[in-house]
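Each remark here refers to the structure printed beneath this line.
We did not get these values from a lab; they are worked out from the coordinates using the rules stated. Quick caveat: nothing in here was measured; it's all calculated off a predicted structure. Cβ placement follows ideal geometry from the backbone for every residue including glycine, while neighbour counts extend to all protein chains displayed.
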């Protein structure tokens with residue numbers, strides 16, 4: 001497989017980490033996102049002053065000469081599939097879709113087809129971003145299989161890099177609606193005693209921790225404070241349900257976007273999401289709180305009750321700020337009607 005070589009000098013006042021410095025100074029035309037650069041460093045194809053760089057967090061100095069061997073984009077085996085898409089917005093640079101629950105974003109060993117990528121391959125044809133090492137629709141961010149809601153994908157490497165930097169710099173506005181057990185409240189002394197929990201004006205719950213892969217269950221993420229990746233979630237209660245406020249509809253805003261962030265953060269706070277198979281645990285609802293039918297509906301809800309309801313970012317071509325919203329899917333809205 002052929003490769004291309006990109007070379008440049010580190011400019012003045014470089015960031016303290018190699019991956020950040022390369023992301024800043026690599027030629028824009030190369031369309032190398034920071035995540036892509038991290039992978040290239042780990043693959044041993046980045047040289048600094050002639051020496052192979054092996055650590056993404058290595059220090060770097062002004063004037064150092066960088067060479068990156070970029071492998072040619074691999075064709076993927078996945079075939080386009082004529083799967084209906086709920087398209088919220090589309091132009092020559094990007095496409096915003098409202099993903100239904102149950103659809104995997106990108107093919108994986110357990111889900112080789114019927115994914116959002118398969119659908120985008122059919123819908124977008126040859127207008128695909130190549131960032132990430134595979135020729136595929138430019139999946140800039142992801143949401144879990146059983147989480148519904150808004151996703152933006154890039155149609156060119158330029159658009160992908162432009163959008164990826166916004167996510168990297170926490171400039172993208174994202175909010176989620178979710179149903180959780182209990183009601184987060186600043187007056188709850190239990191919450192005040194949990195590490196990483198604080199409250200902001202307006203009874204906004206703020207959860208600040210690091211997240212890392214669980215030590216024994218590789219399917220899960222875990223709250224940590226010494227290692228892992230920094231994560232911040234803010235939570236606002238929108239509605240309360242049942243006697244003694246047994247359940248709540250909440251709005252979650254992400255300052256960072258880590259794997260399972262909302263799910264693991266709410267579980268850490270003791271307010272796990274309804275239907276969450278990984279973090280929800282076994283829950284009981286007193287029969288006096290709701291009718292038997294409602295209790296059954298809550299405890300048998302087949303997925304985490306989480307929906308990416310809004311998405312806002314700057315367009316890569318026009319620099320216009322775009323904002324999109326997607327209504328709650330039928331399963332969540334029907335459950336809320338029952339709770340009301």
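With contacts defined as alpha carbon pairs under 8 Å and 6 or more residues apart, what's the relative contact order of the range 241-340 in percent? Display every interim value, and only then the final one.
Values: 88 pairs, mean separation 23.7, N = 100.
Relative contact order comes out at 24 percent.
What number does the chain give for Rg over Rh if you use C-alpha atoms and the Kirkwood radius?
On the way: Rg = 21.9 Å, Rh = 21.8 Å.
We get a ratio of 1.00 for the chain.
Could you tell me the distance between the Cα centroids of the range 188-231 and the range 258-317, to the nearest Å?
Using only Cα atoms to place each centre, the spacing works out to 16 Å.
Pop the C-beta distance of residue 293 and residue 171 into the FRET formula with R0 = 35 Å and round what comes out to the nearest 0.05.
0.20
Normalising by the residue count of the chain, find the relative contact order in percent from Cα pairs under 8 Å and 6+ residues apart. Walk me through the intermediate numbers first.
Details: 699 pairs, mean separation 46.6, N = 340.
The normalised contact order for the chain reaches 14 percent.
Only helical DSSP H runs with n ≥ 4 go in: add -39500 (n - 2.57) per run for the chain, normalise by residue count and round the 222 nm mean residue ellipticity to 500 deg cm²/dmol.
Numbers: 8 runs with 68 residues, N = 340.
Mean residue ellipticity, 222 nm, calculated: -5500 deg cm²/dmol.
Which of 52, 152, 172 moves most in a GNM of the chain, Cα contacts under 10 Å?
Most flexible of the set in this elastic network: 52.
What relative contact order, as a whole-number percentage, does the range 3-71 give when Cα pairs under 8 Å and 6 or more residues apart are counted? Write down the numbers at each step before the final one.
Details: 123 pairs, mean separation 33.5, N = 69.
Dividing the mean separation by the residue count of the range 3-71 yields 48 percent.
How big is the C-alpha Rg of the range 234-324 next to the rule-of-thumb value 2.2 N^0.38 Å, as a ratio? Could the numbers behind the result be given before it?
Working: Rg = 16.3 Å, N = 91, 2.2 N^0.38 = 12.2 Å.
Dividing the Cα Rg of the range 234-324 by 2.2 N^0.38 Å gives 1.34.
I need the calculated FRET efficiency for the pair residue 227 and residue 323, taking r as the beta carbon distance and R₀ as 30 Å, to the nearest 0.05. Each step should come with its number before you reach the end.
On the way: r = 35 Å, r/R0 = 1.18.
Approximately 0.25, to the nearest 0.05.
How far, in nm, would the chain grow between residue 256 and residue 338 when pulled straight, counting 0.36 nm per residue and subtracting the alpha carbon separation? It would help to have the intermediate numbers written out before the result.
Values: separation 82, 0.36 × 82 = 29.52 nm, distance 3.27 nm.
Working it through step by step, the gained length comes to 26.3 nm.
Using R₀ = 30 Å, calculate the FRET efficiency as 1/(1 + (r/R₀)^6) where r is the Cβ-Cβ separation of residue 214 and residue 185; round to 0.05. Intermediate values should be presented prior to the final figure.
Details: r = 28 Å, r/R0 = 0.94.
Efficiency, from the Cβ-Cβ distance: 0.60.
Can you bin the range 175-304 into rounded, prolate or oblate? Criterion: square roots of the alpha carbon gyration tensor eigenvalues sorted a ≥ b ≥ c, rounded for a/c under 1.5, prolate for a/b above b/c, oblate for the rest. Walk me through the intermediate numbers first.
On the way: a/c = 2.01, a/b = 1.36, b/c = 1.48.
It comes out oblate by the Cα gyration axes.
Extension gain residue 330-residue 92, at 0.36 nm per residue separation less the Cα-Cα distance, in nm?
Details: separation 238, 0.36 × 238 = 85.68 nm, distance 3.08 nm.
Result for the pair: 82.6 nm of gain on full extension.
Based on the Cα atoms of the range 208-254, what semi-axes does the equivalent ellipsoid have, where each is the square root of 5 times one gyration tensor eigenvalue, given in whole Å with the largest first? Could the numbers behind the result be given before it?
On the way: eigenvalues 163, 39, 13 Å².
Taking √(5λ) for each Cα gyration eigenvalue gives 29, 14, 8 Å.
Could you check how many percent of all C-alpha pairs in the range 1-56 are farther apart than 17 Å? Working shown, then result.
Working: 496 of 1540 pairs.
Everything past 17 Å amounts to 32 percent.
Which of rounded, prolate or oblate describes the range 8-116 when judged by the alpha-carbon gyration tensor and an a/c cut-off of 1.5? Mind dumping the intermediate values first?
Details: a/c = 2.90, a/b = 2.19, b/c = 1.32.
Taking the square roots of the gyration eigenvalues as a ≥ b ≥ c, the range 8-116 is prolate.
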